[in-house]
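S.K.: I am attaching a structure below and will ask some questions about it afterwards.
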Amino acid sequence: MQDFKYSRAKSLADAQSTLKGAAEGKYLAGGQTLLPVLKQRLASPSDLIDLAGIADLAGIKAGAQSITIGAMTRHADVAASADVRRLIPALAELAGGIGDPHVRNRGTLGGSVANNDPAADYPAAVLGLGATVKTDRRSIAADNFFDGLFTTKLAEGEIITAIEFPRPNRAGYVKFPHPASRYCLVAVMVSEGPQGVRVAVTGAGQQGVFRVSAIEAALAKSFTVKAIEGIKIADGDMMSDMHAGAEYRAHLVGVLARRAVAKALAGTSN
Amino acid sequence: MPRIAFTVNGKAGTAEVPDNQLLSSLLRDTLRLTGTHIGCDTSQCGACTVHVDGRSVKSCTMLAVQADGAEITTIEGLANGDTLHPMQAAFRTHHGLQCGFCTPGMVMAAVAFAEKNPSPTEDEVRRSLEGNLCRCTGYQNIVDAVITGAKAMASARS
Ligand SMILES: Cc1cc2nc3c(=O)[nH]c(=O)nc-3n(C[C@H](O)[C@H](O)[C@H](O)COP(=O)(O)OP(=O)(O)OC[C@H]3O[C@@H](n4cnc5c(N)ncnc54)[C@H](O)[C@@H]3O)c2cc1C
Ligand code: FES
Ligand code: FES
C-alpha cells in the first residue's frame, strides 16, 4: 500500500488543523470506501486523519420530532437501533441492506453521505426523508447538499458531525441490489412526513441521487399505489452501463416506487 | 512508527506498525498468523474476515494502527487444542469446503453471525454470507454447515 501519514484526531478542531497543515489530507471514517480506493491507487493523500477518536460523533438520539444520528455511527448500529426500527423502520432496513455484515460493522453514515456515490443507499434516505446534514460549521438541508457524482456542497475540510432525520408518518425503501457488488442498481425511498411527500431515487441518475416530482405530486393527492401506476419515467437522465441500460433503470424507478409505497402503507418495512 | 498494543486470540501483544500497514498484513506478515487469507484487492471476497472487539471485519480494509487497544480473534483462535470449534466441526461434517481458501473467512463470518442468531433460517444464513465469496462449493454445503454450527454453538452455551 502507498505511503501516508496516519493520525487520530482528538477533537474537531484538532482534525481541522491537521488537515490544514497537510499537503493533501483526507478524513478517515470507516475506511470502507477510502481504503479500497487507496489499495487500488486511485488516490494518494499525504495524510489520513482518523475521526474515530472524536467524542460524540457516534450515537443515536431520538427526539419527539426527529432522530439525530452521529456521523461516525456504523451502518450495523443504525440497523440494530431499537429507536430507529421503531420510529423510522425504512431507515433501519436501508442501513441493514448496505453491502455485507463486515462492511456494515465498519462503514459510517457520515462517510457514506460525504462520499455521495451515485449507487449508495444513504443518499436516498437523506433526500427522501428530507434530513438535515449538520457539520462543524452549519446545517445543510438535504435539497441543497448533494451536488452531482461523488460531490457535495461540503467545503474543503468541512466535517459532517450528524444527520437529523425528521420522523415521517410513513416511509418505505426498496432496493434492487447489483447482484455482485450489492450497491444499488436502483433504489427508491418514499416518505410522507412534515415536508409532505418525498420520493428519492439512487443508483439510477447520471447526476446521482434525485427526487421525482411527478410521483411526489401524484402521491400528495392520493398516497396509494394506484395513484402512480400510469406514471412514465423518462430515461434521458438515467445512467447506462454494462449492468443495466437507461431504459431499464427508468422502468425500475417506477416499479420500485410502487413497491416502496406499498411498504409504506403496510406500515412495516420488512 | 506507531507502537500499538492489542490482544490476539487471547494473548496480549504489541507491535510497531507502519502507518500504512493493513491489519491483514500485521496478522499474516508480522505475527505469522497465516490462516487469515487474502483473496482480492477490492474488499469484496471476505477471505480475510476476522473479529475485532467481537465484530466481523475485513482485515484487508482496516489499518493495523486502527486496531490499537483492540481484541482480535482469527481462525487460529477458535479451536481448543485439538478440539475443533463447533462451527469448524460443522464445516467438516457438511463438507462445507473444497479447496479451503475461503474457509477461514467463511467460518469467522459464520461464528460472528451465529453468536447473535442461534437458530437461523437458510435465507438468513445466505444473507449473512453476502460478504464472503467461494469459488468452489456452490455455497449449499456452507449454508448447511452454518445452520448446524449455529445450533451446536447455542447448545454448547446452554
Ligand atoms: C464490499 C463493499 C460493499 C459495499 N456496498 C455498499 C452498498 O451496498 N451500499 C452503500 O451505500 N455503500 C456500500 N459500500 C460503501 C460503504 O457503505 C462505506 O462504508 C461508505 O460508502 C463510506 O463510509 P466510510 O465510513 O467507510 O467512509 P471512508 O471510506 O472512511 O470515507 C469516505 C469519504 O468520506 C470522507 N468522510 C468520511 N467521514 C466524513 C465526515 N464525517 N465528514 C466529512 N467527510 C467525511 C472521507 O474523507 C472520504 O473521502 C460498500 C463498501 C464495500 C467495501
Ligand atoms: S482479501 Fe478480499 S475482502 Fe479482504
Ligand atoms: S472452498 Fe474453494 S473458495 Fe471456497
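S.K.: Can you list the residues, at least 5 places off or on another chain, whose amide H is less than 5 Å from the amide H of A:THR135, using H built in the peptide plane?
M.R.: It is A:ILE140, A:THR161, by chain and number.
S.K.: Continuing with the same structure: So if I place +1 on the C-beta of Lys and Arg and -1 on the C-beta of Asp and Glu, and nothing else carries charge, what would the dipole magnitude of region A:57-266 be about its Cα centre? I want it in debye, nearest 20.
M.R.: Taking the Cα centre of region A:57-266 as origin, the dipole is about 660 debye.
S.K.: Give me a single rounded figure for B:102-115: the average over its residues of other chain Cβ atoms within 10 Å of their Cβ.
M.R.: Whole-number average of other-chain Cβ neighbours for B:102-115 is 1.
S.K.: While we're on this one: Per-residue Cβ counts within 10 Å, from other chains only, averaged over B:20-28: what number is that? Provide the component values of the computation, followed by the final result.
M.R.: Values: counts 8, 2, 5, 0, 0, 1, 0, 0, 0.
Partner Cβ neighbours, averaged per residue: 2.
S.K.: So what is the 222 nm mean residue ellipticity for chain A from helices alone, if each DSSP H run of at least 4 adds -39500 (n - 2.57) and you divide by all residues, rounding to the nearest 500 deg cm²/dmol?
M.R.: Only helices count here, giving -9000 deg cm²/dmol.
S.K.: Subtract the Cα-Cα distance of A:SER11 and A:ALA220 from 0.36 nm times their separation in residues, and report this length gain in nm to one decimal.
M.R.: Additional length available on full extension: 70.9 nm.
S.K.: Determine how many Å³ per residue the convex hull of the Cα atoms of the protein assembly as shown encloses.
M.R.: Value for the protein assembly as shown: 148 Å³ per residue.
S.K.: Nearest 5 percent is fine: what portion of the DSSP beta bridges confined to region A:1-138 is antiparallel?
M.R.: 35 percent
S.K.: Looking only at region B:3-77, where both bridge partners belong to it, what percent of the DSSP beta bridges are antiparallel (to the nearest 5)?
M.R.: Of all bridge pairs located within region B:3-77, approximately 85 percent are antiparallel.
S.K.: When N counts the residues of region A:1-79, how does its alpha-carbon radius of gyration compare numerically with 2.2 N^0.38 Å, as a ratio?
M.R.: 1.26
S.K.: Dividing the Cα radius of gyration by the Kirkwood radius, what Rg/Rh value follows for region A:130-219?
M.R.: Checking Rg against Rh, the ratio lands at 0.99.
S.K.: Quick check on the protein assembly as shown: of the DSSP beta bridges with both residues there, what percent are antiparallel, nearest 5%? List each step's numbers first, then the result.
M.R.: Details: 49 of 59 bridges.
So the antiparallel bridges in the protein assembly as shown amount to around 85 percent.
S.K.: Indicate the helices, whole DSSP H runs only, in chain B that combine a mean Kyte-Doolittle hydropathy of 0.0 or more with a Cα extent along their long axis of 18 angstrom or more.
M.R.: Working: long enough: B:103-116 (20 Å, 0.86); B:140-157 (26 Å, 0.42).
Within chain B the helices that satisfy the rule are B:103-116, B:140-157.
S.K.: Of A:GLY21, A:SER222, A:GLY128, which is farthest along the charge dipole of chain A in the positive direction, counting Lys and Arg as +1 and Asp and Glu as -1 at C-beta?
M.R.: Highest projection toward the positive end goes to A:SER222.
S.K.: Let me ask you something else. As a check on your grasp of the helix formula, calculate [θ] at 222 nm for chain B: sum -39500 (n - 2.57) over DSSP H runs of n ≥ 4, divide by the residue count, round to the nearest 500.
M.R.: Helix-only estimate at 222 nm: -9000 deg cm²/dmol.
S.K.: Hey, what did chain A get for relative contact order, percent, Cα under 8 Å, at least 6 apart?
M.R.: 15 percent
S.K.: Would you mind checking which residues have amide H under 5 Å from B:LEU63's amide H? H placed 1.01 Å from N; only 5 or more apart, or other chain.
M.R.: The answer is B:LEU23.
S.K.: log₁₀ I(q)/I(0) of chain B at q = 0.09, 0.16, 0.21 Å⁻¹, via Debye over equal Cα point scatterers, no solvent, to two decimals?
M.R.: Log10 I(q)/I(0), no solvent term: -0.28, -0.85, -1.34.
S.K.: Could I ask something else about it? With a sphere of radius 11 Å drawn around the Cβ of B:MET87, what net charge do the other residues whose Cβ falls strictly inside it have (Lys, Arg +1; Asp, Glu -1)?
M.R.: Surrounding charge for B:MET87 is +1.
S.K.: Tell me the net charge near B:GLN98. Cut-off is 13 Å between Cβ atoms, B:GLN98 excluded, with +1 for each Lys or Arg and -1 for each Asp or Glu.
M.R.: Overall, the nearby charge balance is +2.
S.K.: Given charges of +1 on the Cβ of Lys and Arg and -1 on the Cβ of Asp and Glu, with all other atoms neutral, how large is the dipole of region A:74-182 about its Cα centre, in debye to the nearest 20?
M.R.: For region A:74-182, the charge dipole is close to 320 debye.
S.K.: Three principal axis extents, largest first, for the C-alpha atoms of region A:159-270, in Å?
M.R.: For region A:159-270, the Cα extents along the three principal axes come out at 42, 38, 25 Å.
S.K.: Using Cα-only point scatterers and the Debye equation, what is log10 of I(q)/I(0) for region A:57-266 at each q in 0.12 Å⁻¹, rounded to two decimals?
M.R.: Each listed q maps to, in turn, -0.55.
S.K.: Something else: Longer than 20 Å from Cα to Cα, which of A:LYS26/A:LYS153; A:LYS5/A:LYS134; A:LYS226/A:LYS263 are they? Say none if no pair is.
M.R.: Pairs exceeding 20 Å: A:LYS5/A:LYS134.
S.K.: Name the long-range amide H neighbours of B:GLY39: under 5 Å, sequence gap of 5 or more, or other chain; modelled H, no Pro or chain starts.
M.R.: For B:GLY39, the qualifying residues are B:ALA47, B:CYS48.
S.K.: What ³J(HN,Hα) values, in whole Hz, does the Karplus curve 6.51 cos²θ - 1.76 cosθ + 1.60 give for region A:115-125 when θ = phi - 60°, with x put for Gly and Pro?
M.R.: 3J(HN,Hα) across region A:115-125, in whole Hz: 6, 6, 5, x, 10, 7, 7, 4, x, 5, 6.
S.K.: Between chains B and A, what is the buried accessible area in Å², counting both sides, with a 1.4 Å probe and ligands, DNA and RNA left out, to the nearest 100? Before the final figure, lay out the partial values.
M.R.: Working: alone 8330 and 12410 Å², together 18550 Å².
Interface between B and A: roughly 2200 Å².
S.K.: Looking only at other chains, what is the average number of their beta-carbon atoms within 10 angstrom of each beta-carbon in A:95-101?
M.R.: Other-chain Cβ atoms within 10 Å of each residue's Cβ, averaged: 5.
S.K.: Given axes a ≥ b ≥ c from the Cα gyration tensor, I'd like to know whether region B:1-84 is rounded (a/c under 1.5), prolate (a/b larger than b/c) or oblate. Display every interim value, and only then the final one.
M.R.: Details: a/c = 1.74, a/b = 1.12, b/c = 1.55.
It comes out oblate by the Cα gyration axes.
S.K.: For labels at A:GLN65 and A:ALA266 in the simple 7 Å Cα→Cβ model, what's the distance in nm?
M.R.: 3.2 nm
S.K.: Shifting gears a bit: Once the principal axes of the Cα atoms of region A:5-49 are found, what is the range along each, listed largest first in whole angstroms?
M.R.: 30, 21, 11 Å, listed from the longest principal axis down.
S.K.: Here's something else I'd like to know. Spelling out what I want: for every residue of region A:245-251, take phi, set θ = phi - 60°, compute 6.51 cos²θ - 1.76 cosθ + 1.60 (Karplus), and round to whole Hz; glycine and proline get x.
M.R.: Per residue, the Karplus-derived 3J(HN,Hα) values read x, 4, 5, 5, 4, 4, 4 Hz.
The values are calculated or read from the model by the stated rules, or taken from the named source; none is laboratory data. All values reported here derive from a predicted model rather than from experimental measurement. For neighbour counting, all protein chains shown are included, and Cβ atoms are generated from backbone atoms with ideal geometry for every residue, glycine included. For the accessible areas, the whole protein counts, side chains as well, though only heavy atoms, and no ligand, DNA or RNA atoms are used. Shrake-Rupley method; radii C 1.70, N 1.55, O 1.52, S 1.80 Å.
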